[in-house]
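One structure is given below, encoded as structure tokens.
The values are calculated or read from the model by the stated rules, or taken from the named source; none is laboratory data. Source: prediction; values computed, not measured. All Cβ positions, glycine included, derive from the backbone under ideal geometry; neighbour counts span all protein chains shown.
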């Protein structure tokens, strides 16, 4: 259980390493053939070893946690940023320009500063960086990611939702103005912070909708749907209701869509098969097979299924991901691989864990 | 832990007592002040004690399981029927007419024999009984239930869905032809039979849609929506997608509805408040409060919430029940109480169990 | 869902009503035929309705939460005290002597003030009350409880452990100096406070021993074992290791005991059958049947099984309870019933909830 | 998601690939740099694709399932055998001697045929092979494993228990005749077969002891304890009680041991630190740190902790593993690596998955 290291490896840091996305980035990068973890920041855990903060990662020779202000930026080629929104933009703005940034926070996802301010409770303070940021939904923005210095990884819900909807919207197969997205997530999506609703006894043996039609991921989804539909963001509104499911990991979106004239569920499937042919992490299930979060746990995979609806003119698209991998740290590493010209799948090849 | 019994009590039997709905009926009836359990049938468990089949119910002095053919129908005033569909109609047809029947199976829910045959794989063999059966959604069919000899309790999903939708449909507040019902259930809804997908390791730590847009509860919902909308059943089609959630009990439906002209979410709430005023088991939550299955576990309660949608002209109605209580055995007892002129809440007064 | 109340009812208060034991006391007392809840205190939730603090208990007409200092002690005949230790003794000391007290905290369990100070981090400040307190393990202290004004309900682990061991120790059937108690509890035992280890993602899908051989319930068990063995408390030391299990409720103790000379597992069973004959809440399982927490969930029951060991001269005693009921609020109500001359089982008759 | 294959790779087959251990072997071997999966047998699933049997492993280019009788033994250099006991010995006896065998069943674990017959319900039919088999507890039998053709991997409980106890027994630090092993396992240990007690609703939200002091792993533990203590197997009896925990993966043993004269818990820790120094998969936790199954999920790691007991002269040793990895398929691959002269850690380097 000792970490191997060679001087030629890319030196990576994780900002906000004490959160679940930080831990997941550690887990995955520990096995990345071309990356060495040289910096872990966690302000409230500064001075602690990884073993103290995350006992499952003890024994791998990872560096101790330091505070952001004590970080040595010369020790890193790239940082994965898992800080709270707001904080993120401030810190990223101070980094040397030679350091590439894969941001897992929400700070650079929304292109319109007004929308950001409306949903995140304050003005954006790094608008220049914001313009430079590339939206890191890898399958749809691969070329831009390759050339980016700053990548804003999508939220977990937008990742699954947009993989399921953007090709259809772009191809004009579904109505972008009648999208009902019923979303379900495991509890890890809420982070490691102490909140009553994520206690075992509160979240266990129960199902809880939350942020009903008022979740921050809605405007993010709308931004991208509008872009791929050729509409103004303000003209697209989606129905988005997330539910907290008593499981640690996993995310599933059930998208109830209205088909365009004379289009069928089979047309949607064909579009997906063409669009995602050769994608290393997206799997379009054969007709009748139903996506489950159990199919992707611990992996960077996304599975998609398409179904006819009972209501004429409607169809269903269901997608499942692991919210901590494809929905966060895994996609971040996928983007980093592109940014550094590595094999896109490096460090992400583990198969799903089941049961 | 001894059962009390007086000669004046109503004598009740449970047919199919070895299933989860049977066990739940036992649990509730053990504390019913006016009912005595005198007959339990379970063909494959015939001869076994309740303790052998359900250890948690040992010590309460319940009768042993017998086979249906050995049942003494003179020993009962009412039977709760938790048998598989198909079997149910055969057995109920043979009962003395003096025995009232509260059917928890699917056999008498669908009024149109063709629809039954289409969805349940065979012709209905007790059409006379079927005509006599009252659909036992208590809050909407209370008067008919009072006078019924045979009550067909709704399916678990229809119970929650129809409590949430029928008043709105009847009042013309929502479009009955654009109902998107995203449903979630705990695993007990699948019964105690041995199936791979309900093993702990398969259903745990994961979320699985199933019977996507092809679940038998869809035509049942359509039948009632059509009736309350004044439409022909064949003209109503709903989008209905159920999901298996890693919890034992609980059911929640997220209904995405299209509002009628100039109607708002507030109008829906008002309608509910009027309609369900004084209902002992339906609670309309105040604005902002979100139904969770945790609010109703082990109780006969149903909680409802209404929410504005982001898409103009749409709204959300969310309802939660315990699938084994209000979704099955509890509602059955509620109906039995009406059929025998008892207090409607008798035996159903326990508060929810949380955590 | 309205609470019924008559002027003749015993007026009860719950101090610390915002915790899980408080909520459980509310759930049970709502259905108690002779008790009316007239006071709920919760300092940090003062001014809130029950529905805000515990949505599952909304709609039952319970009083709002008040702070302890605003409590009207004249409004109560009895208080159930679910406050943190330390706080408890201070507040109880100020109560009018006419108010009976059923304490669910740890403050009055240990008879030796030195032991209390050693394990609970401070001197006891109400030693007079402490002398008066009766240890409320109902089955073993029934007569004393009847006459008590202040009952100190045992800890959850001691409840299950002592029901399983005291009759054997008293009868000289097992060696009181070689008791290995391997204990397991659901997460609700840790309370509703925010702690990292009780988050869903931390406690779920995993098993965690804690307070290994250093849990505060060990000296409590030792006190009682010593008393029933006729030994000094200081001379008895038990091996006690608790484990956190990913379930909300339930507690099971696996007691590995050394038999006295020529005694057998069958002798232990006989002792139990004699001792617990007629007990309303203790069920000695027949040979071969194994206690599970699933048998008692939501009920005040305790199930016990006795087993031969493979090591000659040793045996096993396993007991299961619901930690929030028999392990806390249920036993508290059982004691209250005795203190007021009520039927011992009043309000506690609900059968276990399974699944 | 395509499997890579080169002609130089070791060709491996999995017999009984439709069980959980088979699936886990697939998951791990998919990422093994020197192994290619060329044969998967599953009699009842013969003809099915991996995707049909295990949807999470679809898309990796694995071969379809075949029946054992249709297996081409020339296509494999090694087989992992996850068949039911009894069946295993028959099939292994028919394999070409050039094929190495890593057996994950119970068939070759017990050296004494009488003990096998007593516990597994029938005479052993491959006694020659049985003599040749090496007990595959890697850390304690590494040299023998290297030279073996047939390795009998230990049961999951014996793996954790013996890693925790054998060094202490061998060094004379604990009494081999007073070992109390309180064991806990996730549900996957019971396999994918359909059994009532492993249904979600039966195993969830509950804790169930099973096979109390009568589990087949007890004689296996006794065999090894006796061997390392220099005693006859018949003279050693251990107390072994397993419990089913509501989690899919993970196993933890709490070993209550009696110290030898003048020995302390610190002596046990020193012994472990010496003994397991440099072991790639065994981690001795620092004083005070408590093993949890959450520390090892999905990994081949074993964590051990040592604790003082309250009873003088006793101590506690706690060990945790993932029952499907170190407790089964992971250890099998570890052994295969040794048998083929590969790096012992090949294919087993993934870090634990948490949360």
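A few points about this structure:
- Flag if residue A:213 is modelled with pLDDT under 95 and within 14 Å of chain B (Cβ to nearest Cβ): yes
- For the range D:216-232, taking the residues that are within 14 Å of chain C (Cβ to nearest Cβ) and buried (at least 23 other Cβ atoms within 10 Å of the Cβ), the one that is farthest from residue D:109 (Cα to Cα) is identified as D:225.
- Filtering the range C:182-202 to residues that are touching a residue at least 12 places away in the same chain (Cβ under 8 Å), surrounded by fewer than 18 Cβ atoms within 10 Å (Cβ to Cβ) and part of a helix (DSSP H, G or I) leaves only C:197.
- Pick from the range B:40-54, criterion surrounded by fewer than 24 Cβ atoms within 10 Å (Cβ to Cβ) and in a helix (DSSP H, G or I), ranking: farthest from the other protein chains (Cβ to nearest Cβ): B:43
- Breaking point among (1) surrounded by 22 or more Cβ atoms within 10 Å (Cβ to Cβ); (2) more than 19 Å from the chain's Cα centre (by Cα); (3) in contact (Cβ under 8 Å) with a residue 40 or more places away in the chain, for residue B:172: (1)
- Number of residues in the range B:314-355 that are farther than 21 Å from residue C:322 by Cβ, outside any strand (DSSP E or B) and within 10 Å of another protein chain (Cβ to nearest Cβ) equals 1.
- For the range B:186-210, a residue qualifies if it is touching a strand residue (DSSP E or B) at 6+ places or on another chain (Cβ under 9 Å) and either modelled with pLDDT under 95 or at the interface with chain A (Cβ under 9 Å from one of its Cβ atoms) (or both), and the qualifying residues are B:186, B:199, B:200, B:202, B:203, B:206, B:207, B:208, B:209, B:210.
- Filter pass, residue C:37 being surrounded by 21 or more Cβ atoms within 10 Å (Cβ to Cβ), at pLDDT 95 or above, touching a helix residue (DSSP H, G or I) at 6+ places or on another chain (Cβ under 6 Å) and in a loop (DSSP other than H, G, I, E, B): no
- Per this entry, residue B:252 is counted among residues that are surrounded by 24 or more Cβ atoms within 10 Å (Cβ to Cβ) and in contact (Cβ under 8 Å) with a residue 12 or more places away in the chain.
- Members of the range D:96-109 that are more than 14 Å from the chain's Cα centre (by Cα) and surrounded by 20 or more Cβ atoms within 10 Å (Cβ to Cβ): D:100, D:101
- Exactly one residue out of A:310, A:297 is buried (at least 24 other Cβ atoms within 10 Å of the Cβ), assigned to a loop (DSSP other than H, G, I, E, B) and not assigned by TED's automatic domain parsing to the domain that holds residue A:102: that is A:297.
- Options C:306, C:317: the member that is touching a residue at least 60 places away in the same chain (Cβ under 8 Å) and under 28 Å from residue C:350 (Cβ atoms): C:317
- Test for residue C:124: is it within 14 Å of chain D (Cβ to nearest Cβ) and surrounded by fewer than 24 Cβ atoms within 10 Å (Cβ to Cβ): no
- Looking only at the range D:267-285, and only at residues there that are more than 14 Å from chain C (Cβ to nearest Cβ) and free of Cβ contacts under 8 Å to residues at least 24 places away in the same chain, the one that is nearest to residue D:318 (Cα to Cα): D:284
- Flag if residue A:139 is surrounded by fewer than 22 Cβ atoms within 10 Å (Cβ to Cβ) and closer than 30 Å to residue A:306 by Cα: yes
- Any hit, the range D:233-241, residues being surrounded by 24 or more Cβ atoms within 10 Å (Cβ to Cβ), facing chain C (nearest Cβ under 7 Å) and farther than 25 Å from residue D:116 by Cβ: no
Table: residues versus (1) within 14 Å of chain D (Cβ to nearest Cβ); (2) touching a residue at least 40 places away in the same chain (Cβ under 8 Å).
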residue: A:62; (1), (2): yes, yes
residue: A:90; (1), (2): no, no
residue: A:129; (1), (2): no, yes
residue: A:135; (1), (2): no, yes
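- If you go through the range C:287-300 and keep only what is within 14 Å of chain D (Cβ to nearest Cβ), at negative phi and in contact with a helix residue (DSSP H, G or I) (Cβ under 8 Å, 6 or more places away or on another chain), you end up with C:287, C:289, C:292, C:294, C:295, C:296, C:297, C:299.
- Among the candidates D:151, D:145, D:101, the residue that is in contact with a strand residue (DSSP E or B) (Cβ under 7 Å, 6 or more places away or on another chain), in a helix (DSSP H, G or I) and within 17 Å of residue D:337 (Cα to Cα) is uniquely D:145.
- Look at (1) part of a helix (DSSP H, G or I); (2) at pLDDT below 95 and you find that residue D:27 fails only one, number (2).
- Number of the exception - residue A:263 against (1) without any contact (Cβ under 8 Å) to a residue 12 or more places away in the chain; (2) more than 10 Å from chain B (Cβ to nearest Cβ): (1)
- Residue D:83 vs. criteria outside any helix (DSSP H, G or I), within 14 Å of another protein chain (Cβ to nearest Cβ) and closer than 20 Å to residue A:354 by Cα: no
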